[in-house]
Amino acid sequence: MYFGTDYHPEHWVYPYAGSPEHPESRWERDAQLMVGAGMNVVRMGEFVWGLCEPEEGKYNFDWLKRCMDVMQMANIKVVLGTPTAAPPLWLAKKYPEILPIDEQGLTLHEGTRHACCLNNATFWEYSRKIVRALAGAVGSHPQLIAWQIDNGIGGHTTEYSFNPESKNDWHAWLKAKYGTIERLNELMGTRFWSQTVTDWDQVPMPMRAPTVHNPALLLDWMRFSSDTIAAYIRMQTDLLHELTPNIPVTTNLRALSRHFDHFDVAEILDFVGVDSYATVKSKSSENACEIDMLRSLKKCNVRTPDGDEGFWVIEQKAGHVNWQDVNSLVRPGVVRLFTYQLLSRGASGVLYFFWRQPRIGSEKFYGGVLTHDGRGDNRVYREISQIGDEIKLLAPALKGSKVVAETCILVSHANEWTLKMEMQPNHHFKQREHLMLFYTALHDRNIPVDFARPTDDLSKYKLVIAPSLHLLAGGEADLLKLYVHNGGTLVSTFNTGLVDEHHIAPDTGFPGALTDLFGLEIAEFDPLPPGEENHLTFKGAFPTSHLHPARLWCDLIEPKECQVLATYAKDFYAGKPALTMNNFGNGKAIYIGTMSHQYFYYDLVVWLRQLCNLFPLLKVPDTVEVSMRQKEDRKIYFLLNHQNSPIRIQFYKPMHDLLTGSMFQGNYDLPPHGVLVLDEQSHTPKT
Ligand code: GLA
């Protein structure tokens, strides 16, 4: 298993470290300290273009190679970043057209990272040259085990640029998609506000305008910009595969938060790398949700450096960040806790960002494994060294194990982009908040969850939850019907099927093409302001632990074939269905017409657990997070205490503690921020 750090050797040469006689002498000390912390991998090079090509065509990779040699002496492997996230200043000076233009038509100038337009052919050409030169210089170095393409692509809101080249590519993209101008006008609905075009050149980029752009045009613009990013990543991946076929390729992604299709990008890569900001968030279920999303991006054809199928955490924050108003220290034990949370949900490599707090540049007050002094006697270094020791113990058991989920939540980028547009029925509705209500209920009841696109094969899941697929493509609707018809259970909600893939509303009532699946039709819905609530009245066997409100949105459901499970309690639609279930083929389609509070979703999960035969992983107090990795019959449980106080857990069966080697049963007090890694097999205690 790989465990390491993000190393920036370029920060640690004379005069910032080393000596005039031995400017790079610090590197050896760094490598020793890394080994001391149990590390066996570094990522480096992601911002070094200007250092490796200080003048056009004059390459200097010798220092990078020397650093890789130092790592070799210490037996530390290397993931190399292609340095395109930080184009050199000479490139922007020579070709100012590579600089991105924003939606107001203003150029974003050089002098920082990500100052480039990904539609610019010159930028592509120079990217190819530096990648080719880098791979030529160090691609056969024995320490190299993976490439990371670029860094944080799309970061600093650079997913879109409005350059002349972007415009040309945009028009070509539209032509390829629609074929004829007539079709574009028809499917984009351009006759609204008389925006019809007679030539491709007339189609605007959605730059700053007096009011909102046509949502169909905006949606295509997001798709086009996403395709641009995917194409750029594909270009570098293909090149690296050609030059170094045995070295797998990744890049560092965030949990669906950037404006490009993360699933598309993951398909291109050999394995998924992620940035984890766990330490800056407080809710364990939010962190867990992000990890599960990232794990789910690539479920097959995974090729990692050690053959494991998991994802890598290319940047786990080792300490505090520098971009909040107040950047508090990460409390003792918390980095360890979050490392285990990442491992428990499928990570097979973890690297901390970053090795040492730099003495230079804009991130000098960002926490690192080492503090500025580099001595290695600081708290975080000690904590991470402990994790390093533990990982060595756990690695053989974790090898080849993975997370298995029978429940899945559907997400689609096109849907998220649509829901973020202006002119929504209710601006207080937030898709991520809605999704989190379901996720938190499953997470807190220890039911493993995958994420998938509506177009993915869902047949292995017993339960699929599809919160607010406002945009539902015709093909997606068909696949959901097929899933239920074949015996699956689908839960959908209000704000589903309001538009199709062309952003055209149905003329058959909502939820668009799924009315027959749910056996109902919705002609009207009532968005509610925050603080104004309706209530649910339940019928039959649905468990109700609380009075459940109906908030933000109430669908006025006309039942056709469906069974009614709950109705609204008041207003002119009192008595109308709010929660329904329909038998469809061999499966069940459940529809929730409103949004409630968290307790409703806990009750829903209790009910669904029975309906779908889902089992929680372990019986432990609600405040303990449990997840599991599985290898054939062996199940490895991770129990995490995210609280500041101990939690007593009762084990009814003997359990094997993989960190101490001991067996135990009965009461166990999990300390604050404590971690247990257990299985049920009896093992000889370690000597
Ligand atoms: C991303 C980048 C890093 C660093 C951090 C700061 O993760 O990849 O280079 O800038 O953000 O949060």
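The values are calculated or read from the model by the stated rules, or taken from the named source; none is laboratory data. Values in this document were obtained by computation on a predicted structure and should not be read as measured data. Reconstructed Cβ throughout: ideal geometry from the backbone, glycine too, with neighbour counts over all protein chains shown.
Taking the criterion of being modelled with pLDDT of 95 or more and touching a Ser or Thr at 6+ places or on another chain (Cβ under 9 Å), the residues of region 534-552 that qualify are Asn534, Leu536, Thr537, Phe538, His548, Pro549, Ala550, Arg551, Leu552. Within region 47-58, no residue that is over 17 Å from Glu10 (Cβ atoms) and within 16 Å of the ligand (Cβ to nearest atom) sits with its Cβ atom under 7 Å from a residue that is hydrophobic (A, V, I, L, M, F, W, C) and assigned to a helix (DSSP H, G or I) at 6+ positions apart or across chains. Of everything listed in (1) free of Cβ contacts under 8 Å to residues at least 24 places away in the same chain; (2) under 11 Å from the mean Cα position of the chain (by Cα); (3) more than 16 Å from the ligand (Cβ to nearest atom), the single unmet condition for Ser257 is (3).
The set of residues in region 573-608 being aromatic (Phe, Trp, Tyr) and either assigned to a loop (DSSP other than H, G, I, E, B) or within 29 Å of Asp622 (Cβ to Cβ) (or both) consists of Tyr573, Tyr591, Tyr599, Phe600, Tyr601, Tyr602, Trp607.
Filtered by the rule that a residue be out of contact with any helix residue (DSSP H, G or I) (no Cβ under 8 Å at 6 or more places or on another chain) and polar (S, T, N, Q), region 465-494 gives a lone residue, Asn486.
The selection criterion, being in contact (Cβ under 8 Å) with a residue 60 or more places away in the chain and either more than 14 Å from the ligand (Cβ to nearest atom) or part of a loop (DSSP other than H, G, I, E, B) (or both), holds for Ser385.
Cβ-Cβ contacts under 6 Å between residues 6 or more apart (or on different chains), taken from a first residue in region 482-506 that is within 12 Å of Ala466 (Cα to Cα) and at pLDDT 95 or above to a second residue that is crowded, with 22+ Cβ neighbours inside 10 Å and charged (D, E, K, R), are listed as Phe494/Asp555. Look at region 179-206: where a residue is surrounded by 11 or more Cβ atoms within 10 Å (Cβ to Cβ) and a partner is assigned to a helix (DSSP H, G or I) and among the β-branched types (Val, Ile, Thr), sitting 6+ places away or on another chain with Cβ atoms under 8 Å, you get Val197/Ile181; Trp200/Ile181. Remark: pairs (first residue in region 358-380, without any contact (Cβ under 8 Å) to a residue 24 or more places away in the chain; second residue not in a loop (DSSP other than H, G, I, E, B); Cβ separation under 7 Å; 6+ apart in sequence or on different chains) = Asn378/Leu370.
Conditions tested, residue by residue: (1) basic (Lys, Arg); (2) modelled with pLDDT of 95 or more.
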{"position": "Cys289", "(1), (2)": "no, yes"}
{"position": "Arg295", "(1), (2)": "yes, yes"}
{"position": "Pro305", "(1), (2)": "no, yes"}
{"position": "Glu309", "(1), (2)": "no, no"}
{"position": "Glu315", "(1), (2)": "no, yes"}
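So, Glu97, is that one charged (D, E, K, R) and in contact with a Lys or Arg (Cβ under 9 Å, 6 or more places away or on another chain) or not? Considered against the rule, which asks whether it is charged (D, E, K, R) and in contact with a Lys or Arg (Cβ under 9 Å, 6 or more places away or on another chain), Glu97 comes out as no.
For region 262-367, please list each of the helices (runs of 4 or more DSSP H) lying entirely inside it that holds at least 1 residues being away from the ligand (no atom under 16 Å from the Cβ) and either over 24 Å from His241 (Cβ atoms) or over 16 Å from the mean Cα position of the chain (by Cα) (or both). It would help to see each step written out before you state the result.
Details: elements: 262-268, 284-295, 334-344.
Hits in region 262-367: 284-295, 334-344.
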